[in-house]
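Heads up, the thing below is written out as C-alpha cells.
The values are calculated or read from the model by the stated rules, or taken from the named source; none is laboratory data. This structure is a prediction, so every number in the text was calculated from the model and none was measured. All Cβ positions, even for glycine, are placed from backbone atoms using ideal geometry, and neighbour counts span all protein chains on display. Keep in mind that these areas ignore ligands, DNA and RNA; they rest on the heavy atoms of the full protein, side chains included. Shrake-Rupley method; radii C 1.70, N 1.55, O 1.52, S 1.80 Å.
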Amino acid sequence: MNAILIAVTLMLALTLARTHVVISLLLGALAGGLSGGLDLAQTLAAFNKGIGNGAAVALSYALLGAFAVAIAKSGLPHALADAAVARLQRSDGRTRLKWLLLALLAVVSVMSQNLVPIHIAFIPLLIPPLLYVMARLQLDRRAVACVITFGLVTPYMLFPVGFGDIFLNQILLGNIRKAGMDVSGVNVMHAMAIPAAGMLVGLLLAVFVSYRKPRSYSLGKIENAERTGTRISRKGTVTALLAIACAFAVQLYSDSMLLGALCGFLLFIATGALKWREADDVFSDGMKLMAMIGFVMITAQGFAEVLTATGQIGELVSASASLFGDNRGMAAFAMLLVGLVVTMGIGSSFSTVPILSAIYVPLCLQLGFSPLATVAIIGTAGALGDAGSPASDSTLGPTSGLNVDGQHDHMRDTVIPTFLHYNLPLLAAGWVAALVL
C-alpha cells in the first residue's frame, strides 16, 4: 500500500478517535516514513527538517495571541459585544442580528485573503469577544466555522488578488507553465469559477440546512474565559483601535504577521494602556491561547516533509491515473481524489500545487485535456483538502477563536463539518469543470 495513503489514513483515523492532532501527525509521519522505504533515522531527519519550516508560523501565532489578549484587556471587543447584546433585548432583532453576524464574518474572512491580506490574523481578535453574542443567539458554531473557512479558502482560489495572486498566478499558472504547458491565453478566474461555485453550494447548505437549528452553549464558561475582569475605558479603546491599525499596516508593509503583532503589542505598552508589570502575564496568557495551533502547525510541517521525502506522491498519482487508461472522466476524478489525500496530509494548498503540477501536466497532455481544464484540475486538486484537514490553518484558525471557552471541538465541530460541506461539493464541481472546459 502506498506510504502516503498509510500516513494520511492513520493520521485521520487517530484524530477521529479523539487522539490529539499533534500525536496523530507524529504517528502518521513515522508510519508513512517507515512504510515508504525510509529507516527510522531518515524519517526523523526529514521530520526535523520540516518542523523548522513551521517555527516562524508558530511564533507568529504566539505573538498574535498576546496581541489578542492585550486588545481584550482594553475592553474594545467587549464594548462592541455589549452593544450587540443590547440589541438582543429586542425580540424582533434576534434573527436579523444572527444573519448580520454571519454576513459580517463572511465579509471579513473574504477580505482577509484579497483586499486586506492578513489571513487568519483577525480570528483571535474578532471571534472570542463575539462568543457571548453567539451563545445568546444560540448560533451553532459549526456554521460559523464553515463561514470562516469558506472566506479563507474560496477567495484565493478564484480572485487573483492578494493571496489569490500568489496561488493562482505565481504558484498555479507558474508551475503548470514550468511543467511544459502553454497557459498564456488562460483566464484563471474562468477556469476556477465552477470549483468556486461548488464551495458556495457547500456554504449555503451549511448555513441554511445543516446548522440552521439553535444550539445551546454554557454562558458561564464564556464568562470565565472572556469577560471576567474586563475594563472598558476611553484610553484603552482608542489605544486598541490604533494598535489594530498599526499591526495591520506593519503586516501589509513587511508581509510579516509576526512583526505586525509585535508592533501592536508594543504600542499598548508604550501608551501605558497595558501596564509594564502586567505585560509579562498578558504575553504568557496570549501564548497559552495560541500554543496548540502553533504546535500543530510545526508538527504538520514535519509530517509534510516526511511525505515528500518518501518520493511516493508521484507513484500514487501515476498508479491512480493508469487504472483508468484513456477514460478522461475517471482519470480526472482520480487526480482530484489524490489531490484531496495529499492536501489533507500536507495541510496547505500552496505547498501541494508545485508537487502535483509536475506530475499532472504530462498526464493532462496525454489525455487531451485543454489548458483551461488542466488549470481547473490542478487548482481544484490543490485546494481540495485545505478545508477539512486537521493540520490546515483554514481549520485551525477558526478553532483557535471558537474554542477559547472549551466548547468547540476541533475535529467534530470544525474539521468534519468543513470536510463534508466543502470537499465533497468541490470534488464534484472540479470534476464537472475538467469535463466541460
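Figures for the structure shown
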{"read-out": "Selection status of Thr308, more than 20 Å from the chain's Cα centre (by Cα), closer than 25 Å to Leu44 by Cβ and in a helix (DSSP H, G or I)", "value": "yes"}
{"read-out": "Count of residues meeting criterion [assigned to a helix (DSSP H, G or I), within 28 Å of Arg234 (Cα to Cα) and at pLDDT 75 or above] in segment 251-277", "value": "16"}
{"read-out": "Single match in Ile176, Ile171 (criterion: in contact (Cβ under 8 Å) with a residue 60 or more places away in the chain, part of a helix (DSSP H, G or I), more than 29 Å from Leu420 (Cβ to Cβ) and in contact with a helix residue (DSSP H, G or I) (Cβ under 6 Å, 6 or more places away or on another chain))", "value": "Ile176"}
{"read-out": "Candidates Leu105, Leu40, Leu97, Leu101 - the one that is surrounded by fewer than 21 Cβ atoms within 10 Å (Cβ to Cβ), modelled with pLDDT of 75 or more and in contact with a Gly (Cβ under 9 Å, 6 or more places away or on another chain)", "value": "Leu40"}
{"read-out": "Close pairs (6 angstrom Cβ cut-off, 6 or more residues apart or separate chains): closer than 18 Å to Tyr422 by Cβ in segment 373-384, open to solvent by 10 Å² or more (accessible area, probe 1.4 Å) anywhere", "value": "Ala376/Leu437; Leu384/Leu340"}
{"read-out": "Members of segment 206-250 found to be in a loop (DSSP other than H, G, I, E, B), more than 21 Å from Ala270 (Cα to Cα) and modelled with pLDDT under 80, listed by number", "value": "Thr228, Gly229"}
{"read-out": "Where a residue in segment 399-412 is more than 15 Å from Gly294 (Cβ to Cβ) and its partner, wherever it lies, is charged (D, E, K, R), with Cβ under 7 Å and at least six apart", "value": "Leu402/Arg141; Val404/Glu226; Asp405/Lys221; Asp405/Glu226; Gly406/Lys221; Gln407/Lys221; His408/Arg141"}
